[in-house]
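The values are calculated or read from the model by the stated rules, or taken from the named source; none is laboratory data. Fair warning: this is a prediction, and the values are worked out from it, not measured in the lab. FYI the Cβ positions are ideal-geometry reconstructions off the backbone, even for glycines, and counts take in every protein chain you see. Side chains included, ligands, DNA and RNA excluded: accessible areas come from the protein's heavy atoms. Shrake-Rupley method; radii C 1.70, N 1.55, O 1.52, S 1.80 Å.
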Amino acid sequence: KHIRATYTTIKMADELTIALMAEENVIQGSGVAECLIDLARTTVLYGTAHVDNPLSISQELAAAQASKAFTLRTLFGIPGSSLTKPSQGQVGFLRGDAIPPSPGGQMQYAVTPVTAKHNLRRIKPVVQGIPKTFNAVSTETYLSWDPEVRVHLTFPNLNWIPAHTDRLILRGAESDNPMIWPFGNDIAAGHQIRSYTQGVTSADGSYERVGPSFNFEVGQRIGIAVLSEHAPTRITASYNPENPSLYREDTLKRVFGEPNNVNIYTGKILLVGESHFEHDINTFTGCSGAIIFLLDTEQPSSVTPHDYGTAIAVHAGSHPTLRTRNLAFKISQLT
């Protein structure tokens, strides 16, 4: 069971890379399969933010989290070529200690960029029987209100190659749905930014980590803030070759909202593992790497007001065999 589940995940990731490269104007080859779970959710303007379930979050928290969403662009190139193409993911910034204030006197903090590790991997798909290699050569993000301003990020894991030893058992053989994630603990931390960087080193642009004593429980309400350059498609909203999705463009737009807006997608924890948890947030390829934070309404007693809005995990992708849930890795796995 383990071998079959692992093979399925790797095979689907390679097939998805090829399928995405075939789509016009969509280069998301480093992405993995994702899952649209609940068609009843509708992304609407809610105060100053766009949210798929306004009953799950206050307008104040939605506005605060919207400023923390950043697109990750990983630039890929063929060995020996100077040409690169971007692949989209998400990146968030975890707040550290205080640094000298901005020129205007606003408090600033050292921040650490965090994303899903698979967004940084070398891509080696087989296209029409021919092995191809695409090196991950650099990473960057930009300010949502000024896309021309680039923030260059440095990750020690850039261009890593997933190996057999990276594989992580998330559900054992005794489970009805055994799962091995081929990318291991799928979180990567970049080099800390310790000098004033507009929009990034402020409290508005970074997440506070949840406290070390926090206990994960099924039913806790969670969300992600996503800034995507691309609208989701049938492939990116649910990649399942054995049962291709038939989602219409207007359905995907209703569920996920418009591209180039910060959209907040919400849900709850469905299963808690040692290093990961499974959840029902609607996602599409290009969402991986988004920080998962705690919502501030309808929470069980295990979530206190001090926990609202804090970062607890990094969204990774869809469960390899259960096409009704997604998974994330706890930030506590960062070393």
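Surrounded by fewer than 21 Cβ atoms within 10 Å (Cβ to Cβ) and either within 14 Å of Ile292 (Cα to Cα) or modelled with pLDDT of 90 or more (or both): does that describe Thr233? Spelling it out, it is not the case that Thr233 is surrounded by fewer than 21 Cβ atoms within 10 Å (Cβ to Cβ) and either within 14 Å of Ile292 (Cα to Cα) or modelled with pLDDT of 90 or more (or both). The residues of the stretch 304-326 that are part of a loop (DSSP other than H, G, I, E, B) and either open to solvent by less than 10 Å² (accessible area, probe 1.4 Å) or over 15 Å from Val218 (Cα atoms) (or both), listed by number, are Thr304, Tyr308, Gly309, Thr310, His319, Pro320, Thr321, Leu322, Arg323, Thr324. Given the options Phe293, Phe329, name the one that is in a strand (DSSP E or B), aromatic (Phe, Trp, Tyr), at pLDDT 95 or above and over 13 Å from Gly223 (Cα atoms). Unique residue meeting the criteria: Phe329. Going by the conditions given, is Ile169 under 24 Å from Glu274 (Cα atoms), in contact with a helix residue (DSSP H, G or I) (Cβ under 8 Å, 6 or more places away or on another chain) and surrounded by 16 or more Cβ atoms within 10 Å (Cβ to Cβ)? Against the criterion (under 24 Å from Glu274 (Cα atoms), in contact with a helix residue (DSSP H, G or I) (Cβ under 8 Å, 6 or more places away or on another chain) and surrounded by 16 or more Cβ atoms within 10 Å (Cβ to Cβ)), Ile169 qualifies.
When you scan the stretch 271-284, do you find a residue that is at pLDDT below 95, open to solvent by 20 Å² or more (accessible area, probe 1.4 Å), of a type outside the set (Val, Ile, Thr) and part of a strand (DSSP E or B), even just one? Within the stretch 271-284, one or more residues are at pLDDT below 95, open to solvent by 20 Å² or more (accessible area, probe 1.4 Å), of a type outside the set (Val, Ile, Thr) and part of a strand (DSSP E or B). The residues in the stretch 31-50 that are in contact with a Phe, Trp or Tyr (Cβ under 8 Å, 6 or more places away or on another chain) and more than 17 Å from Asn326 (Cα to Cα) can be counted, and the count is 1. On inspection, His164 fails the criterion of being at pLDDT 90 or above, of a type outside the set (Phe, Trp, Tyr) and either in contact with a strand residue (DSSP E or B) (Cβ under 8 Å, 6 or more places away or on another chain) or within 27 Å of Lys330 (Cβ to Cβ) (or both).
Cβ separations smaller than 8 Å between residues 6+ apart or across chains give the following pairs from the stretch 242-266 residues that are crowded, with 23+ Cβ neighbours inside 10 Å to residues that are modelled with pLDDT of 90 or more and of a type in the set (Lys, Arg): Val255/Arg41; Tyr265/Arg41; Thr266/Arg41; Thr266/Arg221. Please enumerate the residues belonging to the stretch 107-135 that are more than 24 Å from the chain's Cα centre (by Cα) and surrounded by 13 or more Cβ atoms within 10 Å (Cβ to Cβ). Answer for the stretch 107-135, where residues must be more than 24 Å from the chain's Cα centre (by Cα) and surrounded by 13 or more Cβ atoms within 10 Å (Cβ to Cβ): Gln108, Lys132. Does Pro156 satisfy the criteria of being touching a strand residue (DSSP E or B) at 6+ places or on another chain (Cβ under 9 Å), at pLDDT 95 or above and not in a loop (DSSP other than H, G, I, E, B)? Considered against the rule, which asks whether it is touching a strand residue (DSSP E or B) at 6+ places or on another chain (Cβ under 9 Å), at pLDDT 95 or above and not in a loop (DSSP other than H, G, I, E, B), Pro156 comes out as no. Note on the stretch 76-96: among residues that are of a type in the set (A, V, I, L, M) and open to solvent by less than 20 Å² (accessible area, probe 1.4 Å), the one that is farthest from Ile331 (Cα to Cα) is Val91.
Among the conditions (1) under 13 Å from the mean Cα position of the chain (by Cα); (2) in a strand (DSSP E or B), the only one that Lys268 does not satisfy is (1).
The residue pairs whose first member lies in the stretch 59-76 and is within 18 Å of Val111 (Cα to Cα), whose second member is open to solvent by 20 Å² or more (accessible area, probe 1.4 Å) and among the aliphatic types (A, V, I, L, M), and whose beta carbons are closer than 9 Å, counting only pairs six or more residues apart or on different chains, are Gln65/Val262; Ala66/Val262; Ser67/Val262; Lys68/Val262; Ala69/Val262.
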